[in-house]
Amino acid sequence: MILSMTGFGKTETQWEDKNLSVEIRSLNSKNADINLRTPSYLREMDTEIRKRIAQQLHRGKIDLNIFIEFNGQNAPSTINTSVVKSYIGQLKEIGDVSENEMMAIAMRLPDTLSSERETLQEVEKEAIFNLLNQVIKDIESYRRDEGKALEKDFLKRIDLIEGHLTSVIKIDPERSDKIEQKLRSALDDLKIEVDTNRFEQELIFYLEKFDITEEKVRLKNHLDYFKEVMKNDFPNGKKLGFIAQEMGREINTIGSKANHAELQKVVVQMKDELEKIKEQLLNVL
C-alpha cells in the first residue's frame, strides 16, 4: 500500500466554556519533523503529543496547531487592577493626558496582565487527545487517497519501463551482430594477415565487455520487486527509493554498453520514466 506524506486534517469541539480546535498539516520530509504551536499552559502535553504523532504518522514535515477560544468567565489571563491604577496615577503626574489614552498606555506596560492557571485536568487532556486522534485519522485517510493516485502513476511508469526493456531485449541480438560485423570490416580494411583463432578469442572478449544480459535480468527483477514492495502494509517510501536507485544503476550500465543508436534512444526513454518515479517517491511515506 502506498501512502503519501501530504495531508491535512482539522476538527473542533466545545468543552465547558472553551472552543477547542486541532489542525495538522503534513508535507514530505526525510524524517519526522514535528512543529507544535500550542497555548502556553498546554506545554506539559507537548512530549506526549509529539510521541503520538511520530508513532502514527511516521514521517513528514508536520505542523500541529491547537487553538483554544475562551467564551466564558475563565479567561486565561486577568487584569492586575492595582498595577493598572498605579500606572494611571503616575501618568497623571507626568502630563495632561485623556483617560482613554492613559488606559491604553497603562495596559501596554509590564505586569498589567497575570496568567494564573491551575494544573490541567485529566478530562481536559482527554478531550484534547481525542481531538488529536480524530485529526490523525483524517490525515491517514487523506494520505491513503493521495497514495492511491501515486500507486496508479507508479504502475503506469513501471509498465512503460518494462515495455522499453522488451525493446532492449529485441534489439540486443541485432546490436551484437552489428558490433561483430563492424570489427570484421575494420580488420578487413587493414589488409593484413591475422591469426584467426587469436582474433576469435579477442572478438569474444570484446563482445563480452558489451554484453548486457545480466543488466537486463537484474532490471526485470528490480521492476518486479518494486511492484511487490508497493503492496506492503507499512511505510515503504525509503525502500522503494533504494530499489529505484538500483533500477537507475542497471539502466545507466545498459546505456554505457549500448554502442547502438536505437538502443540509446530506448535507454533515454527508460531514464525519463524513472526520473518521474523518483520525483514522486519523495512524497511517499
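The values are calculated or read from the model by the stated rules, or taken from the named source; none is laboratory data. Keep in mind it's a predicted model, so treat the numbers as computed, not measured. Virtual Cβ from ideal backbone geometry, glycine too; neighbours counted across all protein chains shown.
Quick notes on this one:
- Breaking point among (1) under 30 Å from Glu151 (Cβ atoms); (2) touching a Phe, Trp or Tyr at 6+ places or on another chain (Cβ under 8 Å); (3) outside any strand (DSSP E or B), for Ile24: (3)
- When the criteria are applied in full, Ser86 meets the requirement of being assigned to a helix (DSSP H, G or I) and either out of contact with any helix residue (DSSP H, G or I) (no Cβ under 8 Å at 6 or more places or on another chain) or in contact (Cβ under 8 Å) with a residue 40 or more places away in the chain (or both).
- All of (1) out of contact with any Lys or Arg (no Cβ under 9 Å at 6 or more places or on another chain); (2) surrounded by 13 or more Cβ atoms within 10 Å (Cβ to Cβ); (3) closer than 30 Å to Met230 by Cα hold for Asn80 with one exception: (3).
Quick grid of which residues meet (1) in contact with a strand residue (DSSP E or B) (Cβ under 8 Å, 6 or more places away or on another chain); (2) at pLDDT below 90:
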residue: Lys85; (1), (2): no, yes
residue: Glu93; (1), (2): no, yes
residue: Tyr142; (1), (2): yes, no
residue: Leu155; (1), (2): no, no
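- For the range 236-259, the tally of residues that are under 15 Å from the mean Cα position of the chain (by Cα) and without any contact (Cβ under 8 Å) to a residue 40 or more places away in the chain stands at 3.
- Restricting attention to the range 1-31 and to residues that are touching a Gly at 6+ places or on another chain (Cβ under 8 Å), among the hydrophobic types (A, V, I, L, M, F, W, C) and surrounded by fewer than 16 Cβ atoms within 10 Å (Cβ to Cβ), the residue that is modelled with the lowest pLDDT turns out to be Met1.
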